[in-house]
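Data first, discussion second: the structure below is written as structure tokens.
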Amino acid sequence: MSETTWEYIVIHHSLTRDNQTVSWGAIRRYHMDPAGPYQMKDVGYHWAVELVNDYYEILVGRTMDAEGAHCKEANMNRRGIGICLVGAFDAAPPPEKQIERAVRVVTWLMEEFRIPRERVIGHRDAGLMAGFDWQKAQYKSCPGRMLSMEAFRERLPPFSR
């Protein structure tokens, strides 16, 4: 990724139930399984936020100098830092503590890479940029129907480029 500059932060959900044990390793193994559907060299995301025991941890995925493998639409693998919130947020919203931790890591990334909050998007927003409307079932709802990206962005500081 030597010449690419991060322009976006892309929020995802794992669409798996978080059961208070580290499932980040399971997600990594699934992405890297040589017999699986993806066969990647590492987990597709750069970061994750997951409940481990009784605390939401910020977990490291791909290194920041590596292109992601989390969202091909609108070329977000090259343009956007991928963050996965472990959980399924189509039926229930993410827990407040998980959102707090996600805001913390996203704020740091915004500062580090000079990314304005308007460029913190959900995976589904990249689909919209590519012409697919998740609300018309043309694309996935990631990071979940119950995670409002507008409300999430409101919690972030307003930086200017």
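The values are calculated or read from the model by the stated rules, or taken from the named source; none is laboratory data. The structure presented is a predicted model; accordingly, all values stated were derived computationally and were not measured. Cβ placement follows ideal geometry from the backbone for every residue including glycine, while neighbour counts extend to all protein chains displayed. Heavy atoms of the whole protein, side chains included, go into the accessibility calculation; ligands, DNA and RNA do not. Shrake-Rupley method; radii C 1.70, N 1.55, O 1.52, S 1.80 Å.
Structure notes:
- Distance in nm between pseudo-label sites at residue 32 and residue 52 (7 Å out along the Cβ direction from Cα): 1.6
- Pairs of Cα atoms farther than 20 Å apart, the stretch 13-161, %: 48
- Note on the chain: GNM, Cα springs under 10 Å; of 23, 148, 14, the largest mean-square fluctuation is that of 148.
- GNM remark for the chain: springs join alpha carbons under 10 Å apart, and the peak mean-square fluctuation among 92, 74, 137 falls on 137.
- For residue 9, residues with placed amide H under 5 Å, excluding near neighbours: 81, 120, 121
- Toward the positive end of the charge dipole of the chain, with +1 on the Cβ of Lys and Arg and -1 on the Cβ of Asp and Glu, the farthest Cα among 10, 94, 53 is that of 10.
- Whole-number accessible area per residue in Å² for the stretch 50-161, which is evaluated in the context of all protein chains at 1.4 Å: 50
- Between the C-alpha center of the stretch 135-154 and that of the stretch 33-103 there is a gap of 15 Å.
- Charge-dipole axis of the chain as Lys and Arg at +1 and Asp and Glu at -1 on Cβ define it, positive-most pick from 75, 34, 109: 75
- 42, 90, 65, ranked by accessible area, largest first (probe 1.4 Å): 65, 90, 42
- Separation of the residue 146 and residue 97 label points, Cα + 7 Å toward Cβ, nm: 1.7
- Taking label points 7 Å from Cα along the Cα-to-Cβ direction, residue 136 and residue 111 give a separation of 4.2 nm.
- Protein accessible area in the chain, 1.4 Å probe - carbon and sulfur %: 50
- Here the dipole of the chain is about 220 debye; that uses its Cα centre as origin and unit charges on the Cβ of Lys and Arg (positive) and Asp and Glu (negative).
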